[in-house]
Amino acid sequence: MQQKLREYREKAALEIIEAKLGDLRTGGSLEPGTEPDGVTAAIRRSRSICTDPTDQLPDATPPEELDTWLDGLLTGNSMGGRLYVRSHLGILPWLECEVPEHGWTARLREAIEEPWMFLSGTFDSLVIVTEAEYSYEA
């Protein structure tokens, strides 16, 4: 019964995320447990206090500047076109999106809470952005 209730809640949350992402969402996804080798380990490493961020931005930064920074991080890591965004939902952890080069990260931030995780469509690049104590870290 608990599992059915959790699935019901996650399906409702997924509908909200998909509505907010709108035409960015392709309908594709990676099913639970089908992430490429190394993704889970990379996510775990990113949460370690021993891992230094590649880039940082003060957490008091205005939303427009945060979006510009996110766009630059993704473009700089060859993330554009088709990519996967982590949903934080057990039923569909990675949502496939088709994204323009710039100007879509505000919609993402409204749809999905941080940490924001992006996996390239070719599965060879992973970008994770999380809010730390006084900054956003990539």
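The values are calculated or read from the model by the stated rules, or taken from the named source; none is laboratory data. Remember, predicted model here, so these are calculated numbers, not experimental data. Because the Cβ atoms are built from the backbone with ideal geometry, glycine has one as well, and the counts that use them run over all protein chains shown. All accessible areas refer to the heavy atoms of the entire protein, side chains included, with ligands and DNA or RNA removed. Shrake-Rupley method; radii C 1.70, N 1.55, O 1.52, S 1.80 Å.
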Exercise for the section: Can you work out the PRE-style zone for R47? Point 7 Å along Cα to Cβ, and I want the residues of region 114-129 with backbone N under 12 Å. Expected result: 115
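For the chain, report the accessible area per residue in Å² (1.4 Å probe, heavy atoms, rounded to an integer).
On a per-residue basis, 59 Å².
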Practice task
Throw me the Rg/Rh for region 95-138, computed over C-alpha atoms with Kirkwood Rh, two decimals.
Solution key: 0.97
Handout entry: Label zone at H102, where the point sits 7 Å out along the Cα-to-Cβ direction: region 53-75 residues whose backbone N lies under 15 Å
Key = 64-75
Handout entry: Sites excluded, GluC sites (Glu not before Pro) in DSSP loops with at most 14 other C-beta within 10 Å, longest stretch of the chain
Key = 1-100
Fill in the blank from the handout: The correct pair for region 31-78, radius of gyration to one decimal and Dmax as a whole number, both in Å and from Cα atoms, is 14.0, 36
Handout entry: Heavy-atom accessible surface of the chain: percent carbon and sulfur, 1.4 Å
Key = 50
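Which length gain, in nm to one decimal place, applies between K11 and T26 when the Cα-Cα distance is subtracted from 0.36 nm times their residue separation?
Numbers: separation 15, 0.36 × 15 = 5.40 nm, distance 1.69 nm.
Going from the current span to full extension adds 3.7 nm.
Determine the calculated [θ] at 222 nm for the chain from helices alone, applying -39500 (n - 2.57) to every DSSP H run no shorter than 4 residues and normalising by the residue count; nearest 500 deg cm²/dmol.
Taken over the chain, the calculation gives -11000 deg cm²/dmol.
Of the chain, which part is the longest with no chymotrypsin sites (Phe, Trp or Tyr not before Pro) in a loop (DSSP not H, G, I, E, B) and with at most 16 other C-beta atoms within 10 angstrom? List each step's numbers first, then the result.
On the way: sites that count: F123, Y134.
The answer is 1-122.
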